[in-house]
Amino acid sequence: MIPRYQKIIFGLLLAASVAMGVTLWHLRQRAHERLIAGQDSAPTSAPQIAPSEQATLLVANDSDGSLLTQFLSLPLPADPGARARAVLGKLLDLYAAPDAAHPVPGGASSIIQVFLLPAADIGPGAANPAKPKLADSRTVVILPGDSSARPSGALSQETEQTGPQLAVVNLTGAFAANHPSGIETEMLTVLSICGTLHANLPRVTQVRFLVDGAQRSTLAGHADLTRTYLAADAVPAEEIRP
Amino acid sequence: MHWIKWALATLVASGMAAQPLAAQQAPSAPQARFVVVLDAAHGGDETGGRLANGQFEKTFTLALSTRLRSLLAARGIQAVTTRESDAAVESEKRAEIANHAAAQVCLSLHASESGSGVHLFVSSLPPAQLTRFPAWKTAQGAWVTRSLKLAGVLNSALQQASISTTLGRTAMPAIDSMTCPAVAVEIAPERGALNETTAGLGDPGYQARVAAALAAALVEWRTEARQQ
């Protein structure tokens, strides 16, 4: 014979177990709904289809060490950084093709990102040439117009919007590791990137390179990647040929 | 007193005799030393590119440096090398060796399977005034004009040897710090009109032709330097 108090305790424990089971199921449902609600609220925008535009690529040719201008119709985004990445991606896709005149493996995925920054800081004591002036071999100071009569804040804002830009091209480590070694082939890659950026984004006057987000001494043992390249270094093919 | 007069007379006579002798010796005074620095690129762990015959670039450049040094020695030109063995040499050290040698020519030797013929590269630094204490990373700026002339002489000699050439400018830490006329010489296989290889980097005949043409160019450069 089961005592009365044990029956009561058993009943209470059973009721508590059922109540806890119901509560747990209810909490699980709420958590699931919250998760779904959170996913829905993520700011995802539908991909935009960019209109096709004419892009200018300076394509390297190993056989005569030249850069040849090539025009292609590409869907280019409006954002300058994304535009630069798209154009360089196409350039590297050409180099990764089996019959490329300048074969470099990797393709478009070798460009991690392209950052565009104001090219020059204009100090109060800076010189004021109307055209690019080489301060030394590594850096260039490009000063537009007469800056002396304008407040520096307004000038820096104006320079940021219309002034020359420095493009920082971040390449993958795999691209640098698999790049063919040689002075000519490495310089052609560097110059074709510089020239292509300047041809499509004329405000880009200087280019720097990073590999996996860090500075690297050379591309594949020869071309110096620690310096700032001038877009003017990428001269047309006729001027490169002997 | 008599012996003092005799000694003075002897001294005066010997001094007078020495003047014409010195005058005779002046035209045949030893000419300024002509030193060439041969910089075999890469070395040690830094192998450089891998060539078609499986050889590393560092091995090829060292062999070319040795061959060229022998050819220059046969022509009475002193050559200083940046490395004599498979040793790693930093680019700063290479420039340091070249600058201490006070050389009239600095050749940085490279090899590549890309392209065709011999590629001649001069520093892309803008021409600058020669200063007493040039900045280390831009020291070549004061020599760029002379380096371009040297590239022209090398180009002519290589073309006379029927070797195709490509001229260009480059940014390389080693030659950017050199205080001498400096050219980076990159040897690639010879290719025909259809891009087929007519003479590979492993071809001894091709290597000999390139080395002989470079040596001939340096002899010509020495002649020009002595005329100036």
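The values are calculated or read from the model by the stated rules, or taken from the named source; none is laboratory data. Note that the structure is predicted; figures quoted are calculated from it, not measured. Using ideal geometry, Cβ is built from the backbone for each residue, glycine included, and neighbour counts are taken over all protein chains shown.
Remarks
- Taking the conditions (1) at pLDDT 95 or above; (2) not in a loop (DSSP other than H, G, I, E, B); (3) not aliphatic (A, V, I, L, M) in turn, B:Arg83 satisfies each one other than (2).
- Selection status of B:Thr166, buried (at least 23 other Cβ atoms within 10 Å of the Cβ), among the polar types (S, T, N, Q), farther than 19 Å from A:Thr218 by Cβ and within 14 Å of chain A (Cβ to nearest Cβ): yes
Conditions tested, residue by residue: (1) under 15 Å from A:Leu88 (Cα atoms); (2) in the same structural domain as A:Val114 (by TED's automatic domain parsing); (3) modelled with pLDDT under 95.
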site: A:Ile142; (1), (2), (3): no, no, yes
site: A:Thr205; (1), (2), (3): no, yes, yes
site: A:Leu210; (1), (2), (3): yes, yes, no
site: A:Asp233; (1), (2), (3): no, yes, yes
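- Within segment A:220-232, residues that are more than 7 Å from chain B (Cβ to nearest Cβ) sit with their Cβ atoms under 8 Å from residues that are among the hydrophobic types (A, V, I, L, M, F, W, C) and part of a loop (DSSP other than H, G, I, E, B), at 6+ positions apart or across chains, in these pairs: A:Leu225/A:Leu219; A:Tyr229/B:Ala171.
- Hits in segment B:91-112 (condition: over 17 Å from B:Gly49 (Cα atoms) and part of a loop (DSSP other than H, G, I, E, B)): B:Ala102, B:Ala103, B:Gln104
- Test: residue in segment B:134-154 that is more than 17 Å from B:Val35 (Cα to Cα), at the interface with another protein chain (Cβ under 8 Å from one of its Cβ atoms), in contact with a strand residue (DSSP E or B) (Cβ under 8 Å, 6 or more places away or on another chain) and of a type in the set (Ser, Thr, Tyr): no
- Residues of segment B:43-101 that turn out to be over 25 Å from B:Ala217 (Cβ atoms) and buried (at least 19 other Cβ atoms within 10 Å of the Cβ), as a count: 1
- Residue within segment A:217-231 that is in the same structural domain as A:Leu68 (by TED's automatic domain parsing), in a helix (DSSP H, G or I) and modelled with pLDDT under 95 present: yes
- Flag if B:Arg222 is on the phi < 0 side of the Ramachandran plot, in contact (Cβ under 8 Å) with a residue 60 or more places away in the chain and surrounded by fewer than 23 Cβ atoms within 10 Å (Cβ to Cβ): yes
- Residue ID - farthest from the other protein chains (Cβ to nearest Cβ), chosen from residues in segment A:77-109 that are in contact (Cβ under 8 Å) with a residue 40 or more places away in the chain and part of a loop (DSSP other than H, G, I, E, B): A:Gly106
- B:Val185 vs. criteria within 22 Å of B:Leu64 (Cβ to Cβ), within 14 Å of chain A (Cβ to nearest Cβ) and among the aliphatic types (A, V, I, L, M): yes
- When each of B:Val122, B:Val185 is tested for being touching a Ser or Thr at 6+ places or on another chain (Cβ under 6 Å), buried (at least 17 other Cβ atoms within 10 Å of the Cβ), among the hydrophobic types (A, V, I, L, M, F, W, C) and modelled with pLDDT of 95 or more, the lone residue that passes is B:Val122.
- Filtered residues of segment A:186-216 (kept if part of a loop (DSSP other than H, G, I, E, B) and within 14 Å of chain B (Cβ to nearest Cβ)): A:Gln215, A:Arg216
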